[in-house]
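Engineer: One structure, as structure tokens, below. Some questions next.
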Amino acid sequence: MPRLVLLLLPLLVMTCLPAAIAQGPAYQRGRTLSSEAVQAWDTAVGPEGKELPPGRGTAREGAQVWARRCSACHGMDGKYQWPRRAHPPSAGKAPLLAGELGVVAKRQFATTLWDYINRAMPLGEQAGTLTPSEVYAVTAYVLHLNGIIGEDDGMDANTLPQVPMPAGPRKN
């Protein structure tokens with residue numbers, strides 16, 4: 001065992017030394033971000049939904065947005081559709097529907113689903129182009145497809161964090 005340590009110690013030093021030097025002031029790389037720059041990147045939405053913007057949508061409204069902006073890649077039912085320009089994760093078998101351990105079934109909080117749709121959809125250069133109300137509507141539509149909410153249930157900053165998710169924390 002001591003020989004192994006003696007052999008690995010130089011490797012550890014050679015690996016860590018460049019990283020340590022790069023952090024020093026003489027290296028002159030990087031800069032301290034302004035609070036505005038940090039705020040621009042700090043857009044995550046937590047489980048309580050405090051960061052959610054104003055807006056509102058229902059699954060009925062979301063079906064219309066979905067047909068225009070989402071169905072080309074995901075199909076109207078949210079199953080096994082992927083854009084031709086993207087490599088399909090899990091060999092194309094990552095459904096949105098909860099019954100098959102899809103995207104919704106794995107989420108503990110509905111706010112996480114909203115956050116992902118807001119940041120990443122539609123895929124590619126159009127990511128993040130949905131309005132907050134469209135994101136609420138699409139989120140409601142996906143939740144409705146999974147049988148979690150009704151078609152006319154309104155989703156907004158107050159109601160979305162209250163949605164019980166299949167993988168959500170258990171209430172005692």
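The values are calculated or read from the model by the stated rules, or taken from the named source; none is laboratory data. In this text, all values refer to a predicted model and were calculated from it rather than measured experimentally. Methodologically, a virtual Cβ is constructed for each residue, glycine included, from the backbone with ideal geometry; neighbour enumeration extends over all protein chains shown.
Engineer: Can you find even one residue in region 21-37 that is in a helix (DSSP H, G or I), hydrophobic (A, V, I, L, M, F, W, C), over 30 Å from residue 169 (Cα atoms) and at pLDDT below 65?
Structural biologist: Yes.
Engineer: Report the residue count in region 122-172 for those that are part of a helix (DSSP H, G or I), closer than 20 Å to residue 105 by Cβ and out of contact with any helix residue (DSSP H, G or I) (no Cβ under 6 Å at 6 or more places or on another chain).
Structural biologist: 4
Engineer: Now a separate question. Just name the residue that is nearest to the chain's Cα centre (by Cα) out of those in region 143-172 that are β-branched (Val, Ile, Thr) and farther than 15 Å from residue 55 by Cβ.
Structural biologist: 163
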